[in-house]
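Nothing in this text is a laboratory measurement; each read-out follows from the coordinates by a stated rule. These numbers were taken from a predicted model, which means no experiment stands behind them. Glycine also receives a Cβ, built like all others from the backbone with ideal geometry; neighbour counts cover every protein chain displayed.
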Amino acid sequence: MILMGQESWAEATGHYDINLNHFPGGLEALARTFRRFREAGFHAGLHFLGPSIYPPDPYLTPVPDPRLVRDAEVPLAADVDDNTGILLTEAPPLAFPAEDGGYMGEGAVVQVDDELISYGERSVQEPLGLFNCKRGLLGTAAASHGEGSPIRHLKRSYGYFLFDMDTSLLDEVSSNFARVANACDIDMIYFDGSERLQGDHWYYNGKLHKAFFDKLARKDILIQASSFSHFSWHILARSASADGHGDLKGYLDERSPAFDSFKQNGMPLDIGWYYGYDTSCTPDMYEYILGATIGYDSSMSFQVSLEAASRHPFTGEILDLIARYERLRLSGRVPEDMRARLRVDPVLAGQKTPEERAGLAGARREYRLLGGNGKETFQRVVYESWHEINTPEERAWSVRVISGPALTGFQVHVQSGPWREAGPSYHAPEAVSLESFDDLAPYVKKPPSGEGIPDLPNGMFGATLEGVTHHIRLSEENAREGGRCAVYTAESARNDAGGWSVLGKAFNPPLDLSGHRAIGFWLRGDGKGGQFKLQLLDGAAAADFYIANDYEGWRYQQLTRSDPDPIDYGHVCTLNFYYNGLPGNTTVTCAIDGVKALPAADIQAIVDPWFEVEGSRLEWKGTLTAGQYLFLWPGEPARCYGPGFVEPVLDKVNMTAVSLAEGEHTVRFGCANTPLAPVRVRATLQPRESYTIPSLPRS
């Protein structure tokens with residue numbers, strides 16, 4: 001079943017106008033897409049947040065409909081014009097939320113006449129009222145309001161507004177949705193958001209589902225919801241546990257106590273929607289979930305966009321796993337004792353801190369499904385936690401085998417992230433030094449005679465926005481390249497985040513950097529915000545490179561030339577350094593060292609990785625670049641995944657099977673080059689525990 005997310009097909013909820021950016025032909029184009037799904041052999045349906053009104057729907061803006069859920073009211077105590085940021089009230093606004101509350105809050109949006117206003121602070125003591133207000137919210141018109149005008153709070157759920165199901169708006173909204181569903185002849189609908197409603201769940205949940213169900217032309221479609229009541233039970237085919245993201249295994253464990261209640265209520269379980277957006281989520285996460293679908297005889301959903309699916313290194317692997325597990329689940333061949341092993345151990349259930357969950361990892365039972373269709377075997381696997389390799393000292397770590405002997409494999413992930421070291425192009429003879437910070441004389445507005453200026457106070461160099469001062473000095477302390485670095489400080493006395501500072505030097509004659517492909521340098525951040533900018537000028541245009549000041553310490557930066565070039569790199573006449581977006585009332589200090597033009601753009605990679613354990617050495621010959629994975633399963637071909645691979649790349653030779661006895665073992669990792677990217681590694685342990693699934697008897 002293909003379920004199309006609300007954000008893909010709907011412009012907003014309420015009127016359910018079609019998203020013309022995705023379907024320029026409107027409803028006919030959407031209906032045509034569903035016909036194509038059916039012709040290709042797929043069932044398809046629509047996801048939507050059933051009780052919601054999302055902007056920019058006409059029920060909300062430019063004039064809010066009076067039939068939205070408004071759960072608190074207080075009179076305005078004084079006249080306000082269209083710019084006033086304070087709404088004084090005649091009584092304490094106790095029933096209004098103290099804060100917006102974000103995704104899980106009820107919001108801090110009020111309606112006065114036809115205007116929507118958000119507030120940042122609520123006061124229930126004199127002076128009474130709502131403060132730090134933003135007027136004319138969501139396209140409504142800011143206006144004057146008279147004393148005594150009712151201030152009404154609009155209740156929100158998961159960030160959206162609610163329509164009042166005790167009004168005629170329920171009939172209108174359900175009819176609007178049915179217009180789309182019936183035109184597309186859908187096979188499924190998913191009522192999301194069914195759990196957080198305007199009042200008693202037992203009443204409004206059933207009322208919501210029945211109103212939409214009654215409008216559907218087809219009554220034989222699959223209907224699923226995020227929540228159900230005793231009345232809606234007969235309408236729904238199944239109910240979902242929730243949306244899984246982040247630590248997928250931990251999320252499943254946390255949600256598992258609710259699974260028994262579905263069974264007790266006779267409601268088929270969908271074990272949840274699990275996201276395919278995070279490229280750090282590996283196949284074992286999904287295989288743990290899929291094992292649970294067999295354990296609980298449940299369906300599961302995989303949520304992903306086309307863009308994310310194309311970017312994720314394991315999309316194909318995940319879809320193949322889903323197909324294999326679902327075929328096996330529907331075959332009914334997995335015996336109850338194996339299904340029990342695939343269910344979540346109760347000790348893992350419920351909310352846990354990350355530390356508590358890490359301490360319980362040994363209680364988690366995980367398996368790999370091996371063998372072809374009809375000849376499946378569940379092989380027990382213990383997945384060690386990922387081990388981050390940041391320093392040479394971290395290349396050795398301890399692996400504990402609880403149940404031995406265990407066949408040992410390894411996995412490597414070259415992560416996309418900060419550069420650990422400068423690449424070979426930075427050290428190549430062809431690299432051109434643009435600034436080594438031996439002297440600050442080139443940055444002085446009016447250069448004095450002689451050389452050797454180590455310190456420039458505010459006013460002697462560069463420029464700043466009003467309210468900003470800056471200072472630069474040379475320092476031998478902790479320099480990364482050569483003997484000195486530049487310590488660059490800017491202080492903003494402004495109240496906004498718009499401050500800036502700049503310093504620069506001219507190249508006379510201009511430099512010819514046309515043969516160079518990138519700029520490399522070292523930048524030490526202090527994590528206090530704003531952006532650092534390196535700028536090259538050719539006298540007519542600029543090439544700007546931005547780096548967020550959101551980290552502390554030294555990092556190597558490689559800035560690759562854009563395509564097409566914004567400047568004439570054969571005539572570079574100026575090098576500038578900026579702070580942009582300086583936070584208000586803040587002092588920011590960074591350090592700069594070794595700015596070079598590089599003959600080539602280096603690639604973050606590791607070459608010829610290897611592992612050593614108990615005298616055995618496992619080697620793989622090749623290069624892994626940022627974002628790529630290497631899986632070394634004992635007795636199987638090495639597998640590479642990630643950017644650059646349309647399909648997993650398998651070696652022709654199987655990896656050596658290394659067996660480890662019970663106890664502690666030291667593992668060492670290395671490669672033929674200095675890693676330029678952050679790397680994480682882990683061991684996989686396969687004890688002598690496997691279960692063959694019986695075949696169906698031949699008829």
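Determine the relative contact order of the stretch 138-236: mean sequence separation of Cα pairs under 8 Å and six or more apart, normalised by residue count, in whole percent.
Once normalised by length, the contact order is 28 percent.
Could you point to the residue in I117, S227, G642 farthest towards the positive end of the chain's charge dipole, with +1 and -1 charges on the Cβ of Lys/Arg and Asp/Glu respectively?
Towards the positive end, the residue furthest out is G642.
Report for the stretch 242-378 the percent antiparallel among DSSP-assigned beta bridges with both residues inside it, nearest 5.
Close to 25 percent.
Taking the Cα centre as origin and putting +1 on Lys and Arg beta-carbons and -1 on Asp and Glu beta-carbons, what dipole magnitude results for the stretch 70-154, to the nearest 20 debye?
Roughly 200 debye for the stretch 70-154.
Over what distance in Å are the Cα centres of the stretch 36-50 and the stretch 208-252 separated?
Measuring centre to centre over Cα atoms gives 16 Å.
Specify which residue in the list P392, V658, P313 is farthest towards the positive end of the charge dipole of the chain, using unit charges on the beta carbon of Lys, Arg (+1) and Asp, Glu (-1), about the Cα centre.
V658
Starting from the Cα gyration tensor of the stretch 432-598, take the square roots of the eigenvalues, sort them a ≥ b ≥ c, and report rounded, prolate or oblate (rounded when a/c is under 1.5, otherwise prolate if a/b is larger than b/c, else oblate).
rounded
If you count the DSSP beta bridges with both ends in the chain, what percent of them are antiparallel, to the nearest 5?
If I count the DSSP bridges inside the chain, around 85 percent turn out antiparallel.
Rounded, prolate or oblate: pick one for the stretch 242-378, where a ≥ b ≥ c are the square roots of the eigenvalues of its C-alpha gyration tensor, a/c under 1.5 means rounded, and failing that, prolate if a/b is larger than b/c, else oblate.
rounded
Under the rule a/c < 1.5 gives rounded, and otherwise a/b versus b/c splits prolate from oblate, where does the stretch 109-174 land using the Cα gyration tensor?
Taking the square roots of the gyration eigenvalues as a ≥ b ≥ c, the stretch 109-174 is prolate.
Calculate the translational D of the stretch 70-154 in whole µm² s⁻¹ from Stokes-Einstein, where the hydrodynamic radius comes from the Kirkwood formula applied to all Cα pairs, the temperature is 37 °C and the viscosity 0.692 mPa s.
Translational D for this selection: 264 µm²/s.
Kirkwood Rh over alpha-carbon pairs of the stretch 479-526, then Stokes-Einstein at 37 °C and 0.692 mPa s: what D in µm² s⁻¹, rounded to an integer?
Stokes-Einstein gives a translational diffusion coefficient of 222 µm²/s.
Per the Kirkwood treatment, what hydrodynamic radius in Å, one decimal, follows for the stretch 489-572 from the mean inverse distance over all distinct Cα pairs?
It is 14.6 Å.
Considering only DSSP states other than H, G, I, E and B, which chymotrypsin sites (Phe, Trp or Tyr not before Pro) in the stretch 1-56 qualify as loop sites with at most 14 other Cβ atoms within 10 Å?
Qualifying residues, ordered by number: F42.
Explain nothing, just the number: dipole magnitude of the chain about its Cα centre with +1 on each Lys and Arg Cβ and -1 on each Asp and Glu Cβ, in debye rounded to the nearest 20.
2340
Sequence gap at least 6, Cα distance under 8 Å: using those rules, report the relative contact order of the chain to the nearest whole percent.
12
Using helices alone, what [θ] at 222 nm do you get for the chain, with -39,500 (n - 2.57) per DSSP H run of 4 or more residues, divided over all residues and rounded to the nearest 500?
Only helices count here, giving -4500 deg cm²/dmol.
Could you name the aspartates and glutamates whose alpha carbon sits less than 14 Å from that of K445, not counting residues in the same chain fewer than 8 places away?
D455
Restricting to DSSP loop positions (anything but H, G, I, E, B) with no more than 11 other Cβ atoms inside 10 Å of their own Cβ, which GluC sites (Glu not before Pro) remain in the stretch 1-102?
Counting only loop positions with at most 11 other Cβ atoms within 10 Å, none of the GluC sites (Glu not before Pro) in the stretch 1-102 qualifies.
Under 5 Å between amide hydrogens, which residues at least 5 positions from R555 or on another chain qualify, with H placed 1.01 Å from N in the peptide plane?
L523, R524, G525
Take the residue pairs K134/K533; K207/K263; K533/K596; K155/K219 and return only those whose Cα atoms are more than 27 Å apart.
The answer is K134/K533; K155/K219.
What ranking do 249-257, 213-221, 638-646 get when scored by the average of other Cβ atoms within 10 Å per residue, highest first?
249-257, 638-646, 213-221
For Rg and Dmax of the Cα atoms in Å, which listed value, [x] 37.3, 118; [y] 25.6, 74; [z] 31.0, 101, comes from the coordinates shown?
[z]
Determine which aspartates and glutamates satisfy two conditions relative to K528: a Cα distance under 14 Å, and not lying fewer than 8 residues away in the same chain.
Partners found: E491, D550, E552.
Could you let me know the centre-to-centre spacing of the stretch 317-395 and the stretch 429-507, using Cα atoms, in angstrom?
55
Enumerate the lysines that K375 could reach by cross-link, defined here as Cα to Cα under 29 Å, with residues fewer than 8 away along the same chain left out.
Within the straight-line cut-off, K375 pairs with K249, K652.
So what J values fall out for the stretch 586-591 if you push phi through Karplus, 6.51 cos²θ - 1.76 cosθ + 1.60 with θ = phi - 60°, rounded to Hz, Gly and Pro as x?
Those phi angles translate into 9, 10, 10, 9, 10, 10 Hz.
In whole Å, what is the distance between the alpha-carbon centres of the stretch 645-682 and the stretch 530-552?
Cα centroid to Cα centroid, the span is 38 Å.
Counting other C-beta atoms within 10 Å, and keeping those with at most 12, which DSSP coil trypsin sites (Lys or Arg not before Pro) do you find in the stretch 299-392?
In loop regions of the stretch 299-392 (DSSP not H, G, I, E or B), the sparsely surrounded trypsin sites (Lys or Arg not before Pro) are K375.
Using all C-alpha to C-alpha distances in the stretch 218-257, build P(r) with 10 Å bins and read off the rounded percent in each one.
In whole percents, the pair-distance histogram is 27, 38, 27, 9.
Stokes-Einstein at 10 °C, 1.306 mPa s, Kirkwood radius from Cα pairs: D for the stretch 373-419 in µm² s⁻¹?
112
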